[in-house]
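Down below is the structure, laid out as C-alpha cells.
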Amino acid sequence: MKICTNKERYVLVILILILILSIGFFSVIGTANITVADSFRIVGSKIPRIRDFVDISDITESHQTIIWSIRFPRVLLGVLVGASLSMAGAAFQGILKNPMADPYVIGISSGAALGATIAIVSGIKSIFNSMSSISFFAFIGALITVFVVYNIARIKTKVPVSTLLLAGIALGQFLTAIMSFLMVIYSKDMAKIIYWTMGNLGGKGWDPILKISIPVIISMILINFFARDLNIMLMGEETAKSLGVDTEKTKIYILVLGTFMVSMVVSISGIIGFVGLIIPHIVRILLGPDHRILLPASALIGGIFMVLADTIARTIISPVEIPVGIITALFGGPFFLYLLRRSKR
Amino acid sequence: MKKFKIIALFLSFFIIITTVAGCTQKKNIDEEVHLENTEDISNGVPEEHTGFPIEVEDDFGNVEIIEKAPTRIISLAPNNTEILFALGLGDKIVGVTSYCNYPEEATTKEIVGGFGQFNLEKIVELSPDLVIVYGAGNEEDNRVLRDAGIKILGFMPESVKDVKLTIEAIGQATGTLEEAVKIVSSMEEKENEIVKKVEGQEKVRVFYEIWGDPLMGAGKGSFMDELITLAGGKNIAEDADGAYFQYDIEQLIERDPDVYLASQGMEDMTVETIKSRPGYDGLTAVKNNRVYIFEGMDADIVSRAGTRIIEGLEIIAKAIHPELFK
C-alpha cells in the first residue's frame, strides 16, 4: 500500500508482538483461582490443530467457562474497543487539526448515551433477538447525532472544521442536557445510566465480538488508506488541495468510517473516555506525527492499553468491579502528563 | 507564591476530607438514641408517649417537639408512605413522591417531587405540619421548611430492625404508637415463623442481581443481603462492601450460586435470557432451574424499607427453600 521505511515496519511488528503477548498475559490474570498453565491449556484446547495435543479433562467445567466464555472474549473485546477508539481519535485529530479532538467530539458519546438512557428508562423491548435494546438505541443515537451535526456544519459541499467542532459540542451539550433531565425524572435508573456511561467490557461473551469485529476491522483498514492524505493535510487544507488531495472527500470518508466503527464499539462497551484522546498523543510523542505509523500504532497501543486498564478494573478490588472508564483516566492521565512534560523539555 | 499554592491546595483537601468524614459519623450516634427510644416503648408506657406535645428524635439527632397530632403529613419516600398508610394515616397524607406506588391510594395524592429532588414551594403551599424524609434530607431545604414552621423527621432504616424502629418512631410522632406496636409485633411474629422454618436447613448459596448490564449485585448493607441471610441463604456477594456494586462475573461463576435472584430490569428480561447469558450455562442455579425474577411490585417489596419488608422475606424464603413453603 505504501512504502514504509524499515524502522517503521520494525516498530509495527514489535507492537503486534506485544499485543499478542498481552492478550495471552492478561487472559491468564484474573480473580478466579485458575493457574496460568490451566488457562493456556483451556485456550489451546479451542484452537484447531493444537486441540489434539491438549487434554483438559482434569480442569473443572466452571474454570473452563470462566476462561473461554468470560475472560478471553472480554480481553479480545477490550483490544477491539481500545484499538478503534484510539485510531478514530488519531484520524479525527488529523482531519480536524485539533489536539483536543477525540472520537466523541462530534457527538457520538452524547448521542449514544441519550439512546442508551432512553432504552434504560423506557425498559423497551429489543426488536432483535441478538442485540440488546440498550446497544441498539445507543448505536442509532450515535449515528443520528453525527448525521445531524454534519448537516448543520455543512455549507454546500464544504464542511469547515471549526463549524463542525462547534456544532458537535453544542449538540452534544444539548443531548447531554436531555439525558440529565431524563436522569432526574427517572432518578431510580440514575445509577444504571451512570454505570453505562462509564463503560464496561464484562459479561458480553462471544456474541458481540463476532458481530462487530469484521465491520470494525474493515473500517480500520480503510482508514489506514488515508494516512498519506492526512499527512499532506497537516500542511494546511489549501496546500493539500494544490497538491491534489480532495480534502472534503477525505474528511467525509474518515468521518463516516470513524463514526461507524466508534458507534459500534460504544454501543457494546458504553462510553469509555480518555483512550481516544490520549493514546494518539502518546503515540505522537513516542513515534512522531506520520499518520502511516500513527494510525496503526495508535490502534495497537490503544488495544494494549485498554486490556491493561480492564484487567485492573476487574481485579483490583474483587469481587467488586470498577467501571473501566474510570481506570483509563485514572492511570492514563498521569502517564500522559509525564510524557507531555518530558517532551516539552 | 508556589508554596502558598501548595498550602492552599492542602487546606482545601483537608476541608473536603473533614466534611466527608463528618458526614459519615452521624448515623452511629443516632442509632444509640434510637435504641433508647424503643426501650421506652417496650417498657410499655404508651399513654405518656401518645399524649401531645411530644418530643420525637429522628435518625439524625434532630429533636422535634410536636404539639398535637399532625393532620397534614407529607411523605418524601415510598417506604415512609407505606408506613403512614399502614398506620391508618392515609387521609392525613397531603403529599407524596412520584415513586410512592403502594398502596394504590398513594397514587391519588399530590406529587411533590421525585427521588431526592422536591418542589419546596409546593410543599410549603400544601401547609403540612409534618414532613417525613428519607435520610437526613437536604440541609438547606430543611432550613426553609423549618422556617416555615414545618416539623421534619428523617429516617434511614438500613436493616429489618431499623424498619421496626422507624415504624415506631413515626407512630410516636403521629399519635398512632399503639397501631405501630401492633404492626411491629405482627411483623415479628411472621419473621420468627419464617426464621424458625428455615432453621437447621442447609445454607443455600444465593446471588441477587440488581441489574444485568453491567452485572450489579447486592452486598452487605442491602436489604436483600439481610433477607437472604434471614431466609436461610448465604449471599455469595456478602464480602463486597457497599449495598450495590458492579460484580465480577468470574467470581459469580467460581462461587456458583444455588439460587439466582434478579430484579426485573428491562422488559425483555426473562428467566430464559438470564440463562442464555455467556458463561451462565454452567451455574448450578441455571442447571437446576432455580433462577427467579422479581417483577415490579415484588422487587419493591424486597428492597423497600417499609411495612412489607417481612413479605419480602417470605418471597425470598420461598425462592430459597421452596420445599418448606408448600
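The values are calculated or read from the model by the stated rules, or taken from the named source; none is laboratory data. Since the structure is predicted, the reported quantities are computational estimates derived from the model, not experimental observations. Cβ atoms come from the backbone with ideal geometry, glycine included; neighbour counts cover every protein chain shown.
A compact table of results
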| item | result |
| --- | --- |
| Unique residue being within 30 Å of A:Y338 (Cα to Cα) and either among the polar types (S, T, N, Q) or not in a helix (DSSP H, G or I) (or both) when the list is A:P289, A:P296 | A:P289 |
| Residue count for the range A:24-38, restricted to those that are farther than 18 Å from A:G78 by Cα and either within 14 Å of chain B (Cβ to nearest Cβ) or not in a helix (DSSP H, G or I) (or both) | 5 |
| Any hit, the range B:265-273, residues being at the interface with another protein chain (Cβ under 9 Å from one of its Cβ atoms) and at pLDDT 90 or above | no |
| Test: residue in the range A:184-192 that is under 30 Å from A:I67 (Cα atoms), crowded, with 20+ Cβ neighbours inside 10 Å and within 14 Å of another protein chain (Cβ to nearest Cβ) | yes |
| Count - residues of the range A:203-234 that are over 22 Å from B:Y280 (Cβ atoms) and within 11 Å of another protein chain (Cβ to nearest Cβ) | 0 |
| Test: residue in the range B:223-230 that is away from chain A (no Cβ under 14 Å), crowded, with 24+ Cβ neighbours inside 10 Å and under 30 Å from B:E64 (Cα atoms) | yes |
| Tally, over the range B:48-84, of residues that are without any contact (Cβ under 8 Å) to a residue 40 or more places away in the chain and farther than 15 Å from B:L130 by Cβ | 3 |
| From B:K234, B:K196, B:K190, B:K220, residue being free of Cβ contacts under 8 Å to residues at least 60 places away in the same chain, part of a helix (DSSP H, G or I) and at negative phi | B:K196 |
| Test: residue in the range A:159-178 that is within 14 Å of chain B (Cβ to nearest Cβ), part of a helix (DSSP H, G or I) and either under 30 Å from A:R71 (Cβ atoms) or not small (G, A, S) (or both) | no |
| Single residue of the range B:232-259 satisfying the filter (touching a Ser or Thr at 6+ places or on another chain (Cβ under 8 Å) and within 22 Å of A:D189 (Cα to Cα)) that is farthest from the other protein chains (Cβ to nearest Cβ) | B:A243 |
| The one condition in (1) farther than 30 Å from A:G325 by Cα; (2) under 20 Å from the mean Cα position of the chain (by Cα); (3) within 14 Å of chain A (Cβ to nearest Cβ); (4) surrounded by 18 or more Cβ atoms within 10 Å (Cβ to Cβ) that B:T307 fails to fulfil | (3) |
| Residue in the range A:203-225 that is surrounded by the fewest Cβ atoms within 10 Å (Cβ to Cβ), counting only those that are closer than 16 Å to A:V75 by Cβ and among the small types (G, A, S) | A:S213 |
| Scan of the range A:283-315 for residues that are surrounded by 22 or more Cβ atoms within 10 Å (Cβ to Cβ) and within 17 Å of A:A101 (Cβ to Cβ), ordered by number | A:V283, A:H291, A:L294, A:L295, A:S298, A:A299, A:G302 |
| Some residue of the range A:333-344 being under 15 Å from the mean Cα position of the chain (by Cα), part of a helix (DSSP H, G or I) and farther than 12 Å from A:G82 by Cβ | no |
| Residue satisfying all of: in the range B:159-187; outside any helix (DSSP H, G or I) and not β-branched (V, I, T); farthest from the chain's Cα centre (by Cα) among these | B:G175 |
| Matching entry among A:A113, A:A142 (being assigned to a helix (DSSP H, G or I) and either farther than 25 Å from A:K249 by Cα or free of Cβ contacts under 8 Å to residues at least 60 places away in the same chain (or both)) | A:A113 |
| Qualifying residue in the range A:84-104 (condition: under 21 Å from A:D310 (Cα atoms), over 17 Å from the mean Cα position of the chain (by Cα) and either away from every other protein chain (no Cβ under 14 Å) or assigned to a helix (DSSP H, G or I) (or both)) | no |
| Answer from B:E67, B:E110, B:E82 - the residue that is in contact with a Phe, Trp or Tyr (Cβ under 9 Å, 6 or more places away or on another chain), at pLDDT 90 or above and more than 14 Å from chain A (Cβ to nearest Cβ) | B:E82 |
| Which numbered condition A:R41 misses (of (1) among the charged types (D, E, K, R); (2) more than 14 Å from every other protein chain (Cβ to nearest Cβ); (3) without any contact (Cβ under 8 Å) to a residue 12 or more places away in the chain) | (3) |
| Out of B:G95, B:G137, sole residue that is surrounded by 20 or more Cβ atoms within 10 Å (Cβ to Cβ), among the small types (G, A, S) and in contact with a Pro (Cβ under 7 Å, 6 or more places away or on another chain) | B:G95 |
| Single condition A:P280 does not satisfy, out of (1) part of a helix (DSSP H, G or I); (2) more than 12 Å from A:L85 (Cα to Cα); (3) not hydrophobic (A, V, I, L, M, F, W, C) | (2) |
| The range B:65-89, residues that are in contact with a Pro (Cβ under 8 Å, 6 or more places away or on another chain) and not aromatic (F, W, Y) | B:I65, B:I66, B:E67, B:K68, B:P70, B:R72, B:I73, B:I74, B:N79, B:E82 |
| Matching residues, the range A:179-208, being on the phi < 0 side of the Ramachandran plot and either assigned to a loop (DSSP other than H, G, I, E, B) or among the charged types (D, E, K, R) (or both) | A:Y186, A:K188, A:D189, A:K192, A:N200, A:L201, A:G202, A:K204, A:W206, A:D207 |
| The one condition in (1) in contact (Cβ under 8 Å) with a residue 40 or more places away in the chain; (2) assigned to a helix (DSSP H, G or I) that B:P257 fails to fulfil | (2) |
| Pick from the range A:314-325, criterion in contact (Cβ under 8 Å) with a residue 60 or more places away in the chain and within 19 Å of A:G30 (Cβ to Cβ), ranking: farthest from the other protein chains (Cβ to nearest Cβ) | A:V324 |
| Given (1) within 14 Å of another protein chain (Cβ to nearest Cβ); (2) surrounded by fewer than 21 Cβ atoms within 10 Å (Cβ to Cβ), index of the condition A:N200 fails | (2) |
| Matching residues in the range A:80-113 - criterion: being buried (at least 24 other Cβ atoms within 10 Å of the Cβ) and not small (G, A, S) | A:L80, A:V81, A:L85, A:M87, A:F92, A:Q93, A:I95, A:D102, A:P103, A:Y104, A:I106, A:I108 |
| Qualifying residues in the range A:122-158 (those that are at pLDDT 85 or above and within 14 Å of chain B (Cβ to nearest Cβ)) - the one surrounded by the fewest Cβ atoms within 10 Å (Cβ to Cβ) | A:S122 |
